[in-house]
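The values are calculated or read from the model by the stated rules, or taken from the named source; none is laboratory data. Predicted model only: the values in this text are computed from it and were never measured. No Cβ is skipped: glycine too gets one built from the backbone with ideal geometry, and neighbour counts run over all protein chains shown. The accessibility values were calculated without ligands, DNA or RNA, using every heavy atom of the protein model including side chains. Shrake-Rupley method; radii C 1.70, N 1.55, O 1.52, S 1.80 Å.
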Amino acid sequence: MNKLDLFSDHHLVRQSLAAVIEIAEAFKLEKGRMPVLMEVCGSHTMAFARSGIKQRLMDHVKLIAGPGCPVCVTDQKSIDAMIQLADEPDTILCTFGDMMRVPGSASTLMKAKTEGKDIRVVYSPLESVKIAQQHPDKEVIFLGIGFETTIPILALAIREAEKMELHNFTIWMTTKLVEPVLRELLDAGEVKVDGFLLPGHVSVVLGKTSYDFLMKEYQVPGVISGFEPVQLLTGMYKLIDLLHNQKVDILNDYTHVVKEHGNAVARELLHTYFEFGDEAWRGMNVIPKSGLVLKDQYARFDAKKKFNVAVKEPRKVKCRCGEIIRGLINPEECVLFNKGCTPVHPIGPCMVSSEGTCAAHYQYMREE
Amino acid sequence: MCIGVPAKVLDIQNEEALVDVMGSRMYVGTFFVPEISIGDYVLLHAGQAMTIVNQLFAMESIEEWRNILRE
Ligand code: SF4
Ligand code: SF4
């Protein structure tokens, strides 16, 4: 067996489940309620549902899905703007696949594509740079959404375009940062969480120390966790153990992947090309300095500066993704869930994204 | 849209590595992991190797956990 496969070993999973239940019950006995944990990352949300761990722990631990899916937190107006971008003459729009079916106010990228717009799904932003090189007569725009895991790769694409001296490549930046949104959630105080399961992937770039503010300024503990069943469970166990012992700390339970100080090469590249910018989050208005935007000297690669896309205020819909992202409601509390809104006919991004909370509930947690 | 399974590094040239991801071979960028060497396992995101997986730490964390379970 590959060493890493041990993290999904059935025997170990069963034992780990029992250990988490035991410690959660000890917490419950003392506090008279379940521990409330938020998993920040969308991939954790999916992994919890897919592995059945969330269902198994339903009566012992309250798990709340956080704002960690880049597709879901993109606000409606930005989605509308991206779809409208496809109308620019002689453009090729490039995007990650997850964005294609996200509904804007009136259309989706998928629909725009079937109407004849040149929209291409790429696996990497660097592919879109190659497309720009091959089509000097077209404007190639990459829809740059993502958190700290993805943003360094956007920077790499710009570095490449710069080296090739391309004048027809831009990125439409709607990037999001983890720290500002966690601060916003904690400051708003609408959702009560005892501790955070911190995102394994974003932490590859940020490192463990970037979460110290949680413990120092908010006295909330956190554990960086991996995505395999045993990793999800050990992360939870360590977090509840901290809570149970009234310790506030940030632990790295994904040491074989996440380093203490993250990836310095990636962070340096970020700071070469980007600076902090205000970003609008779905259901949360604009959070100051919660994203990265291109520095002025790289404005030629900035699609927002090159193309003048004006969008109307989006119309109101019954979709409650805004509250889902803030951890205030479960998908089942949305009247559209599994009725008007399904993965085949999604109303909001939380049902479309492969990391969306509504999609996770629909696929793995519905009662038939 | 995130990092998937670990890939094994088979060959390295400039800023690119040939990796094996569960039996299929492909080229990935190595800009973010300049310390990479042949035989390493890396985690990929959007065509880039983002971190080197430390197998030793992986074993240690499993052992540590087994000890907790045995307590
Ligand atoms: S981009 Fe990565 S870190 Fe961010 S939500 Fe997706 S899986 Fe988690
Ligand atoms: S079920 Fe659909 S409509 Fe309701 S919050 Fe989720 S994505 Fe939005």
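Here are the numbers for the structure shown:
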{"quantity": "Distant-in-sequence amide H partners of residue A:249 (H built 1.01 Å from N, under 5 Å)", "calculated": "A:222"}
{"quantity": "Accessible surface buried upon A-B contact (total; probe 1.4 Å; Å², nearest 100)", "calculated": "3300 Å²"}
{"quantity": "Heavy-atom surface of chain B, accessible at 1.4 Å and reported per residue (Å²)", "calculated": "50 Å²"}
{"quantity": "For residue A:173, distant residues with modelled amide H under 5 Å away", "calculated": "A:144, A:303, A:304"}
{"quantity": "Computed Kirkwood radius, in angstrom, where 1/r is averaged over Cα pairs of chain A", "calculated": "21.4 Å"}
{"quantity": "Degrees between helix A:10-31 axis and first principal axis of chain A (Cα, 0 to 90, nearest 10)", "calculated": "70 degrees"}
{"quantity": "In sequence order, calculated HN-Hα J values of the range A:89-96 (Karplus, 6.51, -1.76, 1.60; Hz; x Gly/Pro)", "calculated": "x, 6, 10, 10, 9, 10, 8, 6"}
{"quantity": "For the range A:1-85, average projected area of the Cα convex hull in nm²", "calculated": "8.4 nm²"}
{"quantity": "Within chain B, helix-based [θ] at 222 nm, where runs of 4 or more DSSP H residues each add -39,500 (n - 2.57), nearest 500", "calculated": "-7500 deg cm²/dmol"}
{"quantity": "Segment residue A:33-residue A:179, extension gain: residue separation times 0.36 nm, minus the distance between their alpha carbons", "calculated": "49.8 nm"}
{"quantity": "Solvent-accessible area, 1.4 Å probe, carbon plus sulfur percent, for chain A", "calculated": "51 percent"}
{"quantity": "q = 0.12, 0.25 Å⁻¹, the range B:5-70: log10 I(q)/I(0) [Debye, one scatterer per Cα]", "calculated": "-0.34, -0.97"}
{"quantity": "Residues whose placed amide H lies under 5 Å from that of residue A:279, excluding near-sequence neighbours", "calculated": "A:287, A:289, A:290, A:291"}
{"quantity": "Charge dipole (the range A:197-284, unit charges on Cβ, about Cα centre) - positive-most of A:230, A:252, A:205", "calculated": "A:230"}
{"quantity": "Phi-based couplings in Hz for the range A:275-283 (Karplus 6.51, -1.76, 1.60; Gly and Pro marked x)", "calculated": "9, 5, x, 6, 10, 8, 10, 4, x"}
{"quantity": "Dipole moment magnitude, nearest 20 debye, the protein assembly as shown about Cα centre, only Lys, Arg, Asp, Glu C-beta charged", "calculated": "1020 debye"}
{"quantity": "Under 22 Å from the Cα of residue A:312 - lysines, other chains or at least 8 residues apart", "calculated": "A:77, A:111, A:113, A:117, A:304"}
{"quantity": "List of the range B:47-61 residues, accessible area with partners at least 30 Å² below that of the chain alone (1.4 Å probe)", "calculated": "B:48, B:50, B:51, B:53, B:55, B:57, B:58, B:59, B:61"}
{"quantity": "Whole-number accessible area per residue in Å² for the range A:153-229, which is evaluated in the context of all protein chains at 1.4 Å", "calculated": "31 Å²"}
{"quantity": "Derived scalar couplings ³J(HN,Hα) [the range A:257-265; Karplus, 6.51 cos²θ - 1.76 cosθ + 1.60; whole Hz; x for Gly, Pro]", "calculated": "10, 9, 9, 3, 10, x, 10, 5, 4"}
{"quantity": "Those chymotrypsin sites (Phe, Trp or Tyr not before Pro) in the range A:281-361 that DSSP places in a loop and that have at most 11 other beta carbons within 10 Å", "calculated": "none"}
{"quantity": "Per-bin percent of Cα-Cα distances, the range A:157-200 [10 Å]", "calculated": "20, 30, 18, 19, 12, 0"}
{"quantity": "Mean-position separation - Cα centroids, the range A:6-60 and the range A:61-138, in angstrom", "calculated": "35 Å"}
{"quantity": "Accessible carbon and sulfur surface of the range B:5-70 relative to its total accessible area, %, 1.4 Å", "calculated": "53 percent"}
